[in-house]
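The values are calculated or read from the model by the stated rules, or taken from the named source; none is laboratory data. All of these numbers come straight from a predicted model, not from anything done at the bench. Virtual Cβ from ideal backbone geometry, glycine too; neighbours counted across all protein chains shown. Side chains included, ligands, DNA and RNA excluded: accessible areas come from the protein's heavy atoms. Shrake-Rupley method; radii C 1.70, N 1.55, O 1.52, S 1.80 Å.
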Amino acid sequence: MNIHEYQAKELLRQYKVATPDGKVAHDAEEARMITKEFGGASVVKAQIHAGGRGKGGGVKFATDPDKAAELFKAMIGMQLVTKQTGAEGRKVRTVFLSKPVDIERELYLSFLVDRVTSRITILASTEGGVEIEEVAEKTPEKIVKVAVDPALGLNGFQARQVAFALGLEGNSFKQGVVFLQNLYKLFVEKDCSMVEINPLVITKQGDVTALDAKIGFDDNGLVRHPDVLAYRDLNEEAEEEVEASKYNLNFIKLDGSIGCMVNGAGLAMATMDIIKYCGSSPANFLDVGGSATEDAVKNAFRIILQDKAVKAVLVNIFGGIMRCDIVASGIVNAAKEIGIKVPVVVRLEGTNVEEGKKILADSGLNLIVAADLKDAAEKVVASVK
Ligand code: ADP
Ligand code: MG
């Protein structure tokens, strides 16, 4: 789960990680008042779950309170397009005002979980404010990487190593070390999967502060953090993904044209690979899990058909604990209830497969039954071509 910048900054403050004063404005008048409070100027920032807002017109400087009110009006409700949103952009529903900071240098800092080393890893670079992918491509030597031993936590020497690599000196160095240690504590205690501070800024006064903040959480840890869960913004999630999560189904939106209903993430990967191999690409995949009920299958099917990009559906189920007859009944019920207007290819294998196939055959529905995975992929790809 991801959260907004203003929410991430609330967490930073809780953990005494330095960040400029900031407040959400609910209307233009409030934007004016907050700007007055900040000493007559503010940075007006659109809150969407995507970066690159600055270049897209979602971060603007207000030199006086009236200007802040004007910027608020222009920003709220706008469809903000950035490099990360896709062409349709995202609607701005919240506007955050930040106290302006006199920037001396913009740095880059992130914490993430490195799956190769199974460690929280710190990435830091003196090249802040720009996208890190760009730095990684053109000047990879400018990125420092430090892996933290989970048993020891972030060692003082490691924090100093990062602060040094960022070129911090004197008081900024001391602040930087505290910043890193507090941020590490937040990362671990809140079960984060990613924290990105871009830019981390050294001010003209020599202070170290987080000008931007992006935090992602491990969904499996959310049950321990009702405060974090309360930050969830359903407007920022794909409609079908929200719907699927209501039934404990995993739905992932992709950009092709074939809807995929599978059980298990491994089978989902294999299914997507073979669709690509046969010359098309998946519109989504919906993982019904290892032991879904008939009702869950029905909902899964309905959610897949709701996706307008879906031109054909491939159902690929391997019955282990999951029984093929239950899957078949779910599909038949869903199809009868909502009607299917696109070709549906079904490949069933495993427990109760014969019963499952019989249910499909007896349903009178126009389903394409496939012999195996390869056959299924070829048939579904042919049906969209
Ligand atoms: P995004 O990464 O989505 O473009 P940022 O919050 O990083 O948004 O803002 C973009 C740029 O705007 C920053 O790199 C910084 O130069 C400037 N900026 C943002 N907040 C402030 C602030 N409080 N004071 C001064 N400049 C700011
Ligand atoms: Mg940024």
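Over the range 238-384, what is the mean sequence separation of C-alpha contacts under 8 Å (at least six apart), divided by residue count, expressed as relative contact order in percent? If you can, show how the numbers build up before the last one.
Values: 309 pairs, mean separation 35.8, N = 147.
Dividing the mean separation by the residue count of the range 238-384 yields 24 percent.
Considering only G57, M194, A334, whose Cα is most displaced toward the positive end of the charge dipole of the chain, charges sitting on Cβ of Lys, Arg (+1) and Asp, Glu (-1)?
Positive-most Cα among the choices belongs to G57.
For the chain, set up a GNM with springs between Cα atoms under 10 Å and report which of F157, F111, F38 has the largest fluctuation.
Among F157, F111, F38, the largest mean-square fluctuation in the Gaussian network model of the chain belongs to F157.
What is the distance, in nm, between label points placed 7 Å from the Cα along the Cα-to-Cβ direction at K145 and at D27?
Each label point is offset 7 Å from its Cα along the Cβ direction, giving 5.2 nm.
For a quick check: with amide H placed at 1.01 Å from N, whose amide H comes under 5 Å from S193's, ignoring anything fewer than 5 positions away on the same chain?
Sorted by chain and number, the residues that satisfy this are G216, F217, D218.
Which of K73, K308, K60 moves the most in a Gaussian network model of the chain with Cα springs under 10 Å?
Result: K308 has the largest fluctuation of those listed.
Rank E134, E70, E29 by mean-square fluctuation in a GNM of the chain with C-alpha springs under 10 angstrom and give only the top-ranked residue.
E134
Based on Cβ point charges of +1 for Lys and Arg and -1 for Asp and Glu, what charge dipole magnitude is obtained for the range 190-335 about its Cα centre, in debye rounded to the nearest 20?
300 debye
Accessible area of E354, 1.4 Å probe, to the nearest 10 Å²?
We get 120 Å² for E354.
With both partners inside the chain, how many of the DSSP beta bridges are antiparallel, as a percent to the nearest 5?
70 percent
Heavy atoms only, 1.4 Å probe, whole protein assembly: order K311, K142 by accessible area, highest first.
Numbers: K311 110, K142 80 Å².
Solvent-accessible surface, decreasing: K311, K142.
Along the principal axes of its C-alpha atoms, what lengths does the chain span, in descending order and rounded to whole Å?
So the extents along the principal axes, rounded to whole Å, are 77, 49, 39.
Give the peptides 96-104, 208-216 in descending order of average Cβ contacts within 10 Å, highest first. Kindly include the intermediate steps, with their values, before the conclusion.
On the way: 96-104: 18.1, 208-216: 22.3.
Going by the mean number of other Cβ atoms within 10 Å, highest first, we get 208-216, 96-104.
Amide H neighbours of A238 under 5 Å, at least 5 residues apart or on other chains, H built in the peptide plane: list them.
Under 5 Å from the amide H of A238 lies no amide H from a residue far enough along the sequence or on another chain.
Past 26 Å, Cα to Cα: identify those pairs from K253/K311; K185/K253; K91/K138; K16/K99; K23/K253, in the order given.
K185/K253; K91/K138; K23/K253
In nm, to one decimal, how far is the K336 label point from the E10 one, both placed 7 Å along Cα→Cβ?
Distance between the two pseudo-spin positions: 4.8 nm.
Averaging over every viewing direction, what projected area does the convex hull of the Cα atoms of the range 238-384 cover, in nm²?
7.1 nm²
Which FRET efficiency value, to the nearest 0.05, do you get for E137 and D114 by plugging their Cβ-Cβ distance into 1/(1 + (r/R0)^6) with R0 = 25 Å? Can you show the working numbers first?
Working: r = 19 Å, r/R0 = 0.76.
Computed FRET efficiency for E137 and D114: 0.85.
Ignoring ligands, DNA and RNA, what percent of the accessible area of the range 110-155 is carbon or sulfur (1.4 Å)?
So the carbon and sulfur contribution to the accessible surface is 52 percent.
Using θ = phi - 60° and the Karplus relation 6.51 cos²θ - 1.76 cosθ + 1.60, list the HN-Hα couplings for the range 182-193 in order, rounded to whole Hz, with x at every Gly or Pro.
5, 5, 5, 4, 4, 4, 6, 5, 9, 6, 6, 10
Over the chain, what is the relative contact order in percent, taking alpha-carbon pairs closer than 8 angstrom and at least six residues apart?
Contact order relative to length: 12 percent.
Taking the range 13-155, how much of its Cα-Cα pair set, in percent, is spaced more than 27 angstrom apart?
36 percent
Please list, ordered by chain and number, the residues whose modelled amide H lies under 5 Å from the amide H of V369; skip anything fewer than 5 residues away on the same chain.
Correct list: V346.
If you roll a 1.4 Å probe over the heavy atoms of the protein chains, what accessible area per residue do you get for the range 238-384, in Å²?
Computed with neighbouring chains in place, this is 44 Å² per residue.
Can you compute the charge dipole magnitude of the chain about its Cα centre, using +1 on each Lys and Arg Cβ and -1 on each Asp and Glu Cβ, nothing else charged? Give it in debye, rounded to the nearest 20.
Rounded to the nearest 20 debye, it is 340 debye.
What part of the accessible area of the range 21-100, given as a whole %, is carbon or sulfur when the probe is 1.4 angstrom? Before the final figure, lay out the partial values.
Working: 1990 of 3870 Å².
The C+S portion of the solvent-accessible surface of the range 21-100 is 52 percent.
At 1.4 Å probe radius, can you tell me the per residue accessible area of the range 10-80 in Å²?
Accessible area per residue: 48 Å².
Excluding ligands and nucleic acids, what accessible area in Å² is computed for D273 using a 1.4 Å probe, to the nearest 10?
Surface open to solvent at D273 totals about 110 Å².
With θ set to phi - 60° and the Karplus curve 6.51 cos²θ - 1.76 cosθ + 1.60, what are the ³J(HN,Hα) couplings of the range 293-310 in order, to the nearest whole Hz, using x for Gly and Pro?
8, 4, 5, 5, 5, 4, 5, 4, 5, 4, 5, 4, 5, 5, 6, 5, 6, 6
If you plug each phi of the range 217-223 into the Karplus form 6.51 cos²θ - 1.76 cosθ + 1.60 with θ = phi - 60°, what whole-Hz ³J(HN,Hα) values come out, in order, with x for Gly and Pro?
For the range 217-223, the Karplus-derived couplings read 10, 6, 4, 5, x, 4, 4 Hz, x marking Gly and Pro.
At a 1.4 Å probe radius, which order do F217, F173, F318, F164 fall into by accessible area, largest first?
Ranked list, largest accessible area first: F164, F318, F173, F217.
Within the accessible area of the range 227-385, what % is carbon and sulfur when the probe is 1.4 Å and the other protein chains stay in place?
So the carbon and sulfur contribution to the accessible surface is 52 percent.
On a 0 to 90° scale, report how tilted helix 265-277 is relative to the longest principal axis of the chain, with both axes built from alpha carbons and the result rounded to the nearest 10.
Tilt relative to the chain: about 80 degrees.
Give me the orientation-averaged projected area of the Cα convex hull of the range 21-100, in nm², one decimal.
4.4 nm²
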